[in-house]
Amino acid sequence: MLANRLGVLIAERQLSIKQISEDTGISRNTISNITNNIKANISTEIIDKLCNYLAVTPSEFFAYTPYSFGFIEKIDEQDQASISVSTLINQREYVFDYALYFKKFDYEFTSKQRIDKYNMYINVENADGSNVDTGLLPIYEKIPLIFRNQLTNELVKSIFRVIKKYEHDIKVDVAHEDEPTEYISLKEYLSSLNSKNINVSISLPWADISRKLKY
């Protein structure tokens with residue numbers, strides 16, 4: 001997979017899109033599209049202009065990884081949500097399965113401050129129950145930063161697609177072991193927040209991140 005590094009190159013040089021457009025004659029819309037879409041189709045003429053302007057070679061303008069990723073969302077008969085992530089390695093397809101666990105609170109792993117900060121917690125775990133990720137994590141650690149960010153963002157989009165079609169209950173963690181576990185309808189809970197932007201904490205195999213879910 002090939003990705004342009006224009007956004008990174010612009011940030012490193014503290015340039016603005018407006019300035020680049022005025023200096024090169026390339027439209028601001030074109031430059032914005034390239035910076036916002038690392039896989040944008042770019043003509044050789046535009047590549048040549050930008051490389052000359054930024055004083056970089058095409059190999060510095062682009063980043064490459066042999067991996068590309070596909071995502072399939074699933075909800076099985078036991079109401080278990082999961083995501084299958086596929087990639088090609090040496091012309092052979094590999095599929096890594098991850099189970100999604102939704103919680104209203106997470107007393108076990110987070111502080112009171114985090115509980116107050118987020119509306120929902122999502123754990124992304126190996127579907128086979130193992131604690132060591134031998135699937136995506138080793139690949140994530142190999143690829144350049146620009147592709148790490150893309151993989152994270154695409155996985156989050158896939159998670160959010162699952163949330164929007166999930167019809168079942170989620171766990172409400174209790175503060176003490178002697179308290180009974182509670183469950184609540186995910187849709188009812190999100191609707192009760194009366195907010196278009198839901199604060200979500202997501203535990204991925206490689207990092208804990210926060211995102212806003214538009215609901």
Inset, instruction - DSSP loop (so not H, G, I, E, B), at most 15 other Cβ within 10 Å: list which GluC sites (Glu not before Pro) in the range 47-95 pass both filters. - result: Glu77
Legend entry - For the chain, built as a Gaussian network whose Cα springs stay under 10 Å, the top-fluctuating residue of Thr30, Thr44, Thr134: Thr44
Legend entry - Positive-pole candidate from Val95, Phe71, Thr57, dipole of the range 1-108, charges at beta carbon: Thr57
Inset, instruction - List the relative contact order of the chain as a percent without decimals, with contacts defined as Cα pairs under 8 Å and 6+ residues apart. - result: 17 percent
Legend entry - Amide proton proximity set for Asp133, modelled H, under 5 Å, gap of 5+: none
Inset, instruction - Report the longest stretch of the chain that contains none of the trypsin sites (Lys or Arg not before Pro) sitting in a DSSP loop with at most 12 other Cβ atoms within 10 Å. - result: 40-195
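At a 1.4 Å probe radius, carbon and sulfur cover how many percent of the accessible area of the range 141-215? Don't jump to the answer; show the numbers that get you there.
Details: 1960 of 4390 Å².
Answer for the range 141-215 is 45 percent, counting heavy atoms of protein chains only.
Full extension from Lys214 to Val8: what is 0.36 nm times the residue separation minus their Cα-Cα distance, to one decimal in nm? Before the final figure, lay out each step's value.
Working: separation 206, 0.36 × 206 = 74.16 nm, distance 2.70 nm.
Working it through step by step, the gained length comes to 71.5 nm.
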Inset, instruction - Please work out how much length the chain gains when fully extended from Lys165 to Lys18, using 0.36 nm per residue of separation minus the C-alpha to C-alpha distance, in nm with one decimal. - result: 48.9 nm
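Find the accessible area per residue for the range 20-158; the probe is 1.4 Å, ligands and nucleic acids are left out, and the unit is Å². Walk me through the numbers before you get to the answer.
On the way: 8100 Å² over 139 residues.
Solvent-accessible surface per residue comes out at 58 Å².
The values are calculated or read from the model by the stated rules, or taken from the named source; none is laboratory data. Bear in mind that the values here come from a model prediction, so they are computed numbers and not experimental data. All Cβ positions, glycine included, derive from the backbone under ideal geometry; neighbour counts span all protein chains shown. Ligands, DNA and RNA are excluded from the accessible area calculation, which covers all protein heavy atoms including side chains. Shrake-Rupley method; radii C 1.70, N 1.55, O 1.52, S 1.80 Å.
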